[in-house]
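Peer 1: Just passing along the structure, written as structure tokens.
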Amino acid sequence: MHRERDHHRLGGVALPVGVLLCLTLGLSLLAVRYWPAERDPAAGFVDITAVAVAAPAPPSAAGPDASTGSYAQDCGRNQEGHRNADNVVISPGTVGGAHHVHDYVGNLSTDADSTDDSLAAAATTCTSGDRSTYYWPVLRRTDGAAPRTTAGAPDDDPHGNTGEILTPDTVTIEYLGNPWAKVVPMPRFLRLLEGDPTAATDGGADAGARWGCTGFAGRTTTDRYPLCPAGSLLTRTLDFPSCWDGRGTDSSGHRSHVRFPDAAGVCPHDTFPIPHLRVTVGYRPPPAREFALDAFPEQHHSPLTDHAVFIGLMTDRQMAAVVACLNQDRTCRESG
């Protein structure tokens with residue numbers, strides 16, 4: 001059975017007692033660090049007012065060829081209820097291959113059996129006509145008090161993800177430039193992954209979760225669910241890699257054809273800066289400590305496992321408009 005990431009088990013192998021003890025201790029430490037599961041589920045949450053205020057970042061120097069523009073577009077917030085437990089990038093052709101439910105905006109046809117041709121012919125929720133597909137795991141209310149029917153997907157699935165699926169209040173799709181260089185167009189059908197759905201058990205090297213609350217821009221938390229006050233939206237910010245190798249639209253493992261820039265925004269050698277995709281999803285805060293991401297059972301709904309997937313289907317003309325906006329340092333919003 002396919003998974004969004006390969007897993008390996010030790011089975012039928014006799015190990016020395018000392019090795020077993022080391023493995024047990026290591027797994028225990030991982031559980032405590034990333035998600036305490038049955039020990040203390042409340043430790044997976046943090047009041048946003050208890051998060052340290054980040055020190056002001058020093059003014060960032062921009063290179064002479066910087067592209068400082070931004071391009072935003074309206075793709076709705078999945079009012080259509082387009083959801084499934086598929087992942088066409090990781091497990092193509094496998095219905096339910098994600099083992100948890102995804103929310104989609106953009107392309108309205110995306111499922112396990114989608115092809116480049118079928119996606120290019122489908123309708124979209126983006127008012128600009130962008131047929132790209134954007135998706136991430138759903139967030140659920142877990143207190144059992146909410147209705148147990150949700151359009152587009154069952155409220156209970158066989159992998160332990162239960163409760164009412166929460167429709168986002170806001171979804172922002174934004175493309176940003178690069179602080180050191182002009183960006184080049186994304187190739188059509190480019191696949192991008194953000195985050196790591198197995199971060200709670202694999203060490204979290206690819207984790208990219210960023211949780212927060214509106215009105216608290218100076219406070220950040222990446223590995224716990226924030227508790228937001230009334231009037232503030234709970235947010236998930238999903239920043240995708242933006243340095244492309246200039247060759248393929250995908251790669252083995254779905255990561256090596258694109259990289260993240262360094263802290264200063266510089267792309268690694270032999271890669272090219274492309275528009276930096278940022279997706280921000282906002283929710284009216286559910287009851288405190290009564291919400292969780294869909295996840296693999298062994299991940300225990302860790303907030304660190306937040307992730308998202310993108311398949312680019314802008315036409316050459318649409319992508320050229322994005323690149324021109326960024327490279328000409330303009331602020332653009334496409335609304336129809």
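Peer 1: Under the Karplus relation 6.51 cos²θ - 1.76 cosθ + 1.60, θ = phi - 60°, what is the ordered set of whole-Hz ³J(HN,Hα) values for the range 250-259, x standing for Gly and Pro?
Peer 2: Ordered by residue, 3J(HN,Hα) equals 7, 7, 4, x, 6, 10, 6, 7, 9, 9 Hz.
Peer 1: If I stretch the segment between D117 and R247 completely, what's the gain in nm (0.36 nm per residue apart, minus their alpha carbon distance), one decimal? Walk me through the numbers on the way to the answer.
Peer 2: Values: separation 130, 0.36 × 130 = 46.80 nm, distance 2.04 nm.
Full-extension gain reported as 44.8 nm.
Peer 1: With viscosity set to 0.890 mPa s at 25 °C, what whole-number translational diffusion coefficient in µm²/s follows for the range 281-336 from Stokes-Einstein and a Kirkwood radius over Cα pairs?
Peer 2: Numbers: Rh = 15.4 Å.
It comes out at roughly 159 µm²/s.
Peer 1: Check which residues have an amide H placed less than 5 Å from L227's amide H, if you skip close sequence neighbours.
Peer 2: Residues meeting the criterion, in which the H sits 1.01 Å from N, are V46, D47, I48.
Peer 1: Relative to 2.2 N^0.38 Å, what does the C-alpha radius of gyration of the range 43-334 come to as a ratio? Two decimals please.
Peer 2: Values: Rg = 18.5 Å, N = 292, 2.2 N^0.38 = 19.0 Å.
Dividing the Cα radius of gyration by 2.2 N^0.38 Å gives 0.97.
Peer 1: Using 7 Å Cα-to-Cβ label points, what is the K182/D65 separation (nm, one decimal)?
Peer 2: 0.8
Peer 1: Quick one: if you stick a label point 7 Å off each Cα along the C-beta vector at C332 and V53, how many nm between them?
Peer 2: About 3.7 nm separates the two model spin labels.
FYI, it's all coordinate maths here, none of it is from the lab. Small disclaimer: the values here were computed from a predicted structure and weren't measured. Backbone-built Cβ (ideal geometry, glycine too); neighbour counts: all protein chains shown.
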